[in-house]
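Comments concern the structure below.
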Amino acid sequence: MKYEQIELTDEETQEITRYKTFGDDWVRRALLASKAKKYIDTYLEVVERTDRSCGRCCSSGTITYKRKNGSNITQDDVDAINGYPLGQETEVRGEAVGKQTAMMYWLCDSSD
(Lines give C-alpha, C1' and ligand atoms only; values in the text may rest on other atoms or scores of the structure.)
Protein backbone atom coordinates (compact mmCIF):
# COMPACT_ATOMS: atom_id res chain seq x y z
CA MET A 1 0.00 0.00 0.00
CA LYS A 2 1.23 3.43 -0.89
CA TYR A 3 0.87 4.92 2.59
CA GLU A 4 3.14 2.20 3.98
CA GLN A 5 5.94 3.68 1.83
CA ILE A 6 5.65 7.11 3.51
CA GLU A 7 8.87 8.05 5.29
CA LEU A 8 8.67 9.08 8.93
CA THR A 9 11.30 11.35 10.41
CA ASP A 10 13.74 9.91 12.94
CA GLU A 11 11.96 11.91 15.63
CA GLU A 12 8.54 10.48 14.65
CA THR A 13 9.93 6.95 14.63
CA GLN A 14 11.72 7.34 17.96
CA GLU A 15 8.57 8.76 19.57
CA ILE A 16 6.77 5.50 18.76
CA THR A 17 9.57 2.96 19.23
CA ARG A 18 10.28 4.14 22.77
CA TYR A 19 7.08 2.32 23.72
CA LYS A 20 8.57 -1.08 22.79
CA THR A 21 7.37 -2.42 26.14
CA PHE A 22 3.89 -2.49 24.54
CA GLY A 23 5.21 -5.15 22.18
CA ASP A 24 6.48 -5.35 18.62
CA ASP A 25 2.99 -5.70 17.16
CA TRP A 26 1.86 -2.48 18.87
CA VAL A 27 4.94 -0.64 17.56
CA ARG A 28 4.35 -1.96 14.02
CA ARG A 29 0.68 -0.89 14.07
CA ALA A 30 1.54 2.53 15.54
CA LEU A 31 4.18 3.14 12.86
CA LEU A 32 1.69 2.21 10.11
CA ALA A 33 -0.99 4.45 11.64
CA SER A 34 1.49 7.35 11.70
CA LYS A 35 2.30 6.76 8.05
CA ALA A 36 -1.41 6.64 7.19
CA LYS A 37 -1.98 9.93 9.05
CA LYS A 38 0.94 11.54 7.21
CA TYR A 39 -0.47 10.34 3.86
CA ILE A 40 -3.91 11.75 4.77
CA ASP A 41 -2.42 15.09 5.82
CA THR A 42 -0.45 15.28 2.57
CA TYR A 43 -3.07 14.27 0.01
CA LEU A 44 -6.51 14.72 1.58
CA GLU A 45 -8.52 17.40 3.30
CA VAL A 46 -11.56 17.22 5.56
CA VAL A 47 -14.83 18.28 3.95
CA GLU A 48 -17.12 17.48 6.87
CA ARG A 49 -16.81 15.97 10.33
CA THR A 50 -19.48 14.72 12.72
CA ASP A 51 -19.00 13.50 16.28
CA ARG A 52 -21.55 12.22 18.74
CA SER A 53 -21.76 10.48 22.06
CA CYS A 54 -23.48 7.12 21.75
CA GLY A 55 -23.23 6.06 25.38
CA ARG A 56 -21.48 6.84 28.63
CA CYS A 57 -18.06 5.80 27.33
CA CYS A 58 -18.70 5.64 23.60
CA SER A 59 -18.24 8.12 20.77
CA SER A 60 -18.74 7.73 17.06
CA GLY A 61 -18.63 9.89 14.00
CA THR A 62 -17.75 10.36 10.40
CA ILE A 63 -15.06 12.26 8.57
CA THR A 64 -15.54 13.03 4.90
CA TYR A 65 -12.38 13.58 2.89
CA LYS A 66 -11.63 14.85 -0.59
CA ARG A 67 -8.33 15.01 -2.44
CA LYS A 68 -6.45 18.30 -2.16
CA ASN A 69 -5.70 18.27 -5.89
CA GLY A 70 -9.38 17.91 -6.79
CA SER A 71 -9.09 14.51 -8.45
CA ASN A 72 -11.22 11.51 -7.52
CA ILE A 73 -10.52 9.31 -4.50
CA THR A 74 -8.06 6.48 -5.22
CA GLN A 75 -7.62 3.05 -3.70
CA ASP A 76 -4.45 4.39 -2.04
CA ASP A 77 -6.56 7.07 -0.33
CA VAL A 78 -9.05 4.48 0.95
CA ASP A 79 -6.21 2.24 2.17
CA ALA A 80 -4.70 5.15 4.13
CA ILE A 81 -8.04 6.13 5.66
CA ASN A 82 -8.68 2.53 6.69
CA GLY A 83 -5.13 2.35 8.05
CA TYR A 84 -5.64 5.28 10.44
CA PRO A 85 -7.59 3.90 13.40
CA LEU A 86 -9.61 6.35 15.46
CA GLY A 87 -11.13 3.67 17.69
CA GLN A 88 -12.16 0.05 17.68
CA GLU A 89 -13.88 0.57 14.34
CA THR A 90 -12.56 2.68 11.49
CA GLU A 91 -13.65 2.06 7.93
CA VAL A 92 -14.64 3.68 4.70
CA ARG A 93 -18.21 2.65 4.07
CA GLY A 94 -19.57 2.28 0.58
CA GLU A 95 -17.73 2.58 -2.70
CA ALA A 96 -15.41 5.59 -2.58
CA VAL A 97 -12.82 4.86 -5.29
CA GLY A 98 -13.50 7.08 -8.29
CA LYS A 99 -15.82 9.39 -6.35
CA GLN A 100 -15.13 12.95 -5.21
CA THR A 101 -15.24 12.07 -1.50
CA ALA A 102 -14.67 9.20 0.90
CA MET A 103 -16.47 8.96 4.24
CA MET A 104 -14.72 7.33 7.19
CA TYR A 105 -16.93 5.92 9.92
CA TRP A 106 -15.33 5.53 13.35
CA LEU A 107 -16.40 4.24 16.74
CA CYS A 108 -14.51 4.39 20.00
CA ASP A 109 -15.78 2.67 23.14
CA SER A 110 -13.46 3.39 26.05
CA SER A 111 -15.29 0.95 28.28
CA ASP A 112 -13.42 -1.91 26.56
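Scanning the stretch 56-88 for residues that are among the aliphatic types (A, V, I, L, M) and modelled with pLDDT of 95 or more, which turns out farthest from T42 (Cα to Cα)? Out of the qualifying residues, it is I63. The residues in the stretch 88-104 that are buried (at least 16 other Cβ atoms within 10 Å of the Cβ) and under 20 Å from S34 (Cα atoms) can be counted, and the count is 5.
When C108 is tested against (1) touching a Leu at 6+ places or on another chain (Cβ under 7 Å); (2) at pLDDT 95 or above; (3) part of a strand (DSSP E or B); (4) not aliphatic (A, V, I, L, M), just one condition goes unmet, and that condition is (2).
Among the numbered criteria (1) modelled with pLDDT under 95; (2) surrounded by 12 or more Cβ atoms within 10 Å (Cβ to Cβ); (3) over 22 Å from K2 (Cα atoms); (4) not acidic (D, E), which one does Y19 miss? Result: Y19 fails condition (2) only.
Inspection of the stretch 57-71 identifies at least one residue that is small (G, A, S) and in contact with a Ser or Thr (Cβ under 6 Å, 6 or more places away or on another chain). Filtered by the rule that a residue be more than 12 Å from the chain's Cα centre (by Cα), surrounded by 14 or more Cβ atoms within 10 Å (Cβ to Cβ) and part of a helix (DSSP H, G or I), the stretch 32-63 gives a lone residue, Y43.
Among the candidates I40, I16, I63, single out the residue that is of a type in the set (V, I, T) and closer than 13 Å to A80 by Cα. After ruling out the rest, the residue left standing is I40. Checking each residue in the stretch 6-29 for being basic (K, R) and in a helix (DSSP H, G or I) picks out K20, R28, R29.
The values are calculated or read from the model by the stated rules, or taken from the named source; none is laboratory data. Model, not experiment: these values are computed from the prediction. With ideal geometry, Cβ positions are generated from the backbone for all residues, glycine too; neighbour counts draw on all protein chains shown.
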